[in-house]
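Everything below concerns the one structure shown next.
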């Protein structure tokens, strides 16, 4: 099979760099263009020595004429930029967005949560929110593929099956997530000094973090329920990785073992989601540099409650890896291609 041509816009951000690394290993992809704004004319190897062994194009400024020469466009850009590019897509193009431009089904919700008007509301219906393990729609019907946020990925993978099967209560759910600072992008270094990033654990976005809207939307769509949850994200003194802890109320006569069995069966054919033995303690180190999500069901000191642990690499399963996984599914490539650790 001939290779598809790819363009990566935002190639030098943390997720962009990781995405290009994955694409260099993909046998079905040729990296045609790397685009950036502040890095024009530079080699991507100046950002990461990993690329010294590859012959890759120099970074150029994006312009719409490039679209006629590529099949897939990855946008690892600030919110709003993919909307501009989406208006110029050619018939053969698909756009895979790693930002939030097409995650929400309503332009009104986008305005509410992102405090800016959506510039391509007419294209929202041509987009699909695709967390691959939970996506039951035909991804090939859409020209725009929106990759979920990193926090929602770690939350939705364990939570959706349990709510769909009505095995846990849909209210009083407490979600505590801790992320490495790479999730905020390179701009985080301008906002905070290295001492803050490497030595401080801090909560932020209480009650109003933007991912609340995405989690709420997908739980309603996937389960048909109005789910009441509290989500608190934290910035952790590490570069990458997410650990999410969820506290759930059991339905009457349900048990930890029943929940474990349900999740184990639900993901039995998954390439990337692994359900560990009950009461297994998890750490981010087990999934760093992989497209894996590890999930553990743990008991509580209260009989009617359980604790779910979920870990991912925010730059891969929560970002670039998910984008490649979606591309593989769209083009009917092996889902593992480019994603083997």
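The values are calculated or read from the model by the stated rules, or taken from the named source; none is laboratory data. Since this is a predicted model, take the numbers as computed values, not measurements. FYI the Cβ positions are ideal-geometry reconstructions off the backbone, even for glycines, and counts take in every protein chain you see.
Tell me, yes or no, whether the range 58-68 has at least one residue that is under 27 Å from residue 332 (Cα atoms) and surrounded by 23 or more Cβ atoms within 10 Å (Cβ to Cβ).
Checked the range 58-68: no residue is under 27 Å from residue 332 (Cα atoms) and surrounded by 23 or more Cβ atoms within 10 Å (Cβ to Cβ).
Would you confirm, using the coordinates I've provided, whether residue 215 is buried (at least 18 other Cβ atoms within 10 Å of the Cβ) and either out of contact with any strand residue (DSSP E or B) (no Cβ under 6 Å at 6 or more places or on another chain) or in the same structural domain as residue 102 (by TED's automatic domain parsing) (or both)?
Values: buried (at least 18 other Cβ atoms within 10 Å of the Cβ): yes; either out of contact with any strand residue (DSSP E or B) (no Cβ under 6 Å at 6 or more places or on another chain) or in the same structural domain as residue 102 (by TED's automatic domain parsing) (or both): yes.
Against the criterion (buried (at least 18 other Cβ atoms within 10 Å of the Cβ) and either out of contact with any strand residue (DSSP E or B) (no Cβ under 6 Å at 6 or more places or on another chain) or in the same structural domain as residue 102 (by TED's automatic domain parsing) (or both)), residue 215 qualifies.
Would you confirm, using the coordinates I've provided, whether residue 278 is within 20 Å of residue 175 (Cα to Cα), surrounded by fewer than 18 Cβ atoms within 10 Å (Cβ to Cβ) and at pLDDT 95 or above? Can you show your working first?
On the way: within 20 Å of residue 175 (Cα to Cα): yes; surrounded by fewer than 18 Cβ atoms within 10 Å (Cβ to Cβ): yes; at pLDDT 95 or above: yes.
The answer is yes for residue 278.
Among the listed residues 59, 85, 73, identify the single one that is closer than 14 Å to residue 326 by Cα and in contact (Cβ under 8 Å) with a residue 40 or more places away in the chain. Show your work before the answer.
On the way: 59 fails: closer than 14 Å to residue 326 by Cα; 85 fails: closer than 14 Å to residue 326 by Cα.
So the residue among 59, 85, 73 that is closer than 14 Å to residue 326 by Cα and in contact (Cβ under 8 Å) with a residue 40 or more places away in the chain is 73.
If we keep just the residues of the range 301-341 that are within 22 Å of residue 179 (Cα to Cα) and in a loop (DSSP other than H, G, I, E, B), which is modelled with the lowest pLDDT?
If we take residues in the range 301-341 being within 22 Å of residue 179 (Cα to Cα) and in a loop (DSSP other than H, G, I, E, B), then 341 is modelled with the lowest pLDDT.
Of the conditions (1) at pLDDT 75 or above; (2) under 16 Å from residue 79 (Cα atoms), residue 176 clears all except one; give me its number.
Tallying (1) at pLDDT 75 or above; (2) under 16 Å from residue 79 (Cα atoms), residue 176 fails exactly one: (2).
So that you can scan it fast, the table gives a plain yes or no per residue for (1) on the phi > 0 side of the Ramachandran plot; (2) in contact with a helix residue (DSSP H, G or I) (Cβ under 8 Å, 6 or more places away or on another chain); (3) in a helix (DSSP H, G or I); (4) assigned by TED's automatic domain parsing to the domain that holds residue 258:
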{"site": "133", "(1), (2), (3), (4)": "no, yes, yes, no"}
{"site": "136", "(1), (2), (3), (4)": "no, no, no, no"}
{"site": "156", "(1), (2), (3), (4)": "no, yes, yes, yes"}
{"site": "163", "(1), (2), (3), (4)": "no, yes, yes, yes"}
{"site": "170", "(1), (2), (3), (4)": "no, yes, no, yes"}
{"site": "174", "(1), (2), (3), (4)": "no, no, no, yes"}
{"site": "177", "(1), (2), (3), (4)": "no, yes, no, yes"}
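Output the residues belonging to the range 134-152 that are surrounded by 19 or more Cβ atoms within 10 Å (Cβ to Cβ) and under 24 Å from residue 91 (Cα atoms).
142, 144, 145, 146, 147
Just name the residue that is surrounded by the fewest Cβ atoms within 10 Å (Cβ to Cβ) out of those in the range 253-268 that are in a loop (DSSP other than H, G, I, E, B) and free of Cβ contacts under 8 Å to residues at least 40 places away in the same chain. Full working, then the answer.
In the first step, residues of the range 253-268 are kept if they are in a loop (DSSP other than H, G, I, E, B); the result is 253-255, 267-268.
Remaining after also requiring free of Cβ contacts under 8 Å to residues at least 40 places away in the same chain: 253, 255, 268.
Details: 253: 6, 255: 15, 268: 9.
Per the stated criteria, the residue is 253.
Can you tell me how many residues within the range 229-252 are surrounded by fewer than 18 Cβ atoms within 10 Å (Cβ to Cβ) and either assigned by TED's automatic domain parsing to the domain that holds residue 110 or more than 29 Å from residue 182 (Cα to Cα) (or both)?
Of the residues in the range 229-252, 3 are surrounded by fewer than 18 Cβ atoms within 10 Å (Cβ to Cβ) and either assigned by TED's automatic domain parsing to the domain that holds residue 110 or more than 29 Å from residue 182 (Cα to Cα) (or both).
Please work out if residue 123 is in a helix (DSSP H, G or I), in contact (Cβ under 8 Å) with a residue 60 or more places away in the chain and touching a helix residue (DSSP H, G or I) at 6+ places or on another chain (Cβ under 7 Å).
Here the answer is no, as residue 123 does not meet what is asked.
Condition first: touching a strand residue (DSSP E or B) at 6+ places or on another chain (Cβ under 7 Å) and part of a helix (DSSP H, G or I). Now tell me which residues in the range 33-66 satisfy that.
Selection gives 44, 66.
Can you work out which of the residues in the range 1-32 that are part of a loop (DSSP other than H, G, I, E, B) and surrounded by fewer than 16 Cβ atoms within 10 Å (Cβ to Cβ) is modelled with the lowest pLDDT? Step through it out loud before you land on a result.
So in the range 1-32, the residues part of a loop (DSSP other than H, G, I, E, B) come out as 1-3, 10-13, 25-28.
Add one more test, that the residue is surrounded by fewer than 16 Cβ atoms within 10 Å (Cβ to Cβ), and what stays is 1-3, 25, 27.
On the way: 1: 60, 2: 82, 3: 94, 25: 95, 27: 96.
The extreme case among them is 1.
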